[in-house]
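Visitor: Just dropping this structure here.
The values are calculated or read from the model by the stated rules, or taken from the named source; none is laboratory data. Here the structure is a predicted model, which means the values were calculated and not measured. Don't worry about glycine lacking a Cβ; one is built from the backbone with ideal geometry, like all the others, and counts go over all protein chains shown.
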Amino acid sequence: MTQRERPLSPFMLGSYYRFQVTSVMSLLHRATGVVLSLGAFVLTAWLVAVMAGPEVYARFVECVGSLPGRIVLAGIGFSLIYHLLNGIRHLAWDLGYGLTLKGAYTGGTIVAVLAAVFTLLLWYFGFSAGGAA
């Protein structure tokens, strides 16, 4: 009796597995962790620019204030908010809440919506206060 060739791991979304809220949330949590690690370099560059003096800091502000710089900052801001909220969701799971399939889907949807809303609020208040301008 021959057995069918089966995929070895569910990381092959799309070609073998359907996208689900739980798998997308897991992938996004890992991706935002990587973005936050890279964002630490931006934070370090900011601190170095502050210490290096007004000319270097002015160049840093000019770089961050450009469209690509703002996109990078938006990505870091979203990553920070999403990663925090999804971490709270995992903490709730550790406490025994939301462990059903419905609870996992509901929690994932809540985290995604709140991350988007909080990121938009962060950027609205940041730009209205004159930040990164």
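Visitor: Identify the residue in region 89-121 that is assigned to a helix (DSSP H, G or I) and among the aromatic types (Phe, Trp, Tyr) and, among all such residues, is surrounded by the most Cβ atoms within 10 Å (Cβ to Cβ).
Guide: Phe118
Visitor: Can you confirm whether region 64-86 contains a residue that is modelled with pLDDT under 95, surrounded by 13 or more Cβ atoms within 10 Å (Cβ to Cβ) and charged (D, E, K, R)?
Guide: Yes, the conditions are met somewhere in region 64-86.
Visitor: Still on this structure: Does region 48-67 contain at least one residue that is within 30 Å of Ala104 (Cβ to Cβ) and of a type in the set (A, V, I, L, M, F, W, C)?
Guide: Checking region 48-67: not a single residue is within 30 Å of Ala104 (Cβ to Cβ) and of a type in the set (A, V, I, L, M, F, W, C).
Visitor: Something else now. On the given criteria, is Ile76 in a helix (DSSP H, G or I), closer than 21 Å to Trp123 by Cα and touching a residue at least 40 places away in the same chain (Cβ under 8 Å)?
Guide: yes
Visitor: Here is a list of conditions, (1) at pLDDT below 95; (2) farther than 22 Å from Ser37 by Cβ, and Ala58 meets all of them except one; can you say which number that is?
Guide: (1)
Condition check ((1) more than 21 Å from Thr32 (Cβ to Cβ); (2) modelled with pLDDT under 95; (3) not hydrophobic (A, V, I, L, M, F, W, C)) across all residues:
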{"residue": "Asp94", "(1), (2), (3)": "no, no, yes"}
{"residue": "Leu101", "(1), (2), (3)": "yes, yes, no"}
{"residue": "Ala104", "(1), (2), (3)": "no, yes, no"}
{"residue": "Ile110", "(1), (2), (3)": "no, no, no"}
{"residue": "Phe118", "(1), (2), (3)": "no, no, no"}
{"residue": "Trp123", "(1), (2), (3)": "no, yes, no"}
{"residue": "Gly126", "(1), (2), (3)": "no, yes, yes"}
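Visitor: Filtering region 30-48 down to residues that are under 13 Å from the mean Cα position of the chain (by Cα) and hydroxyl-bearing (Ser, Thr, Tyr), which residue is nearest to Ile71 (Cα to Cα)?
Guide: Among those that are under 13 Å from the mean Cα position of the chain (by Cα) and hydroxyl-bearing (Ser, Thr, Tyr), it is Thr32.
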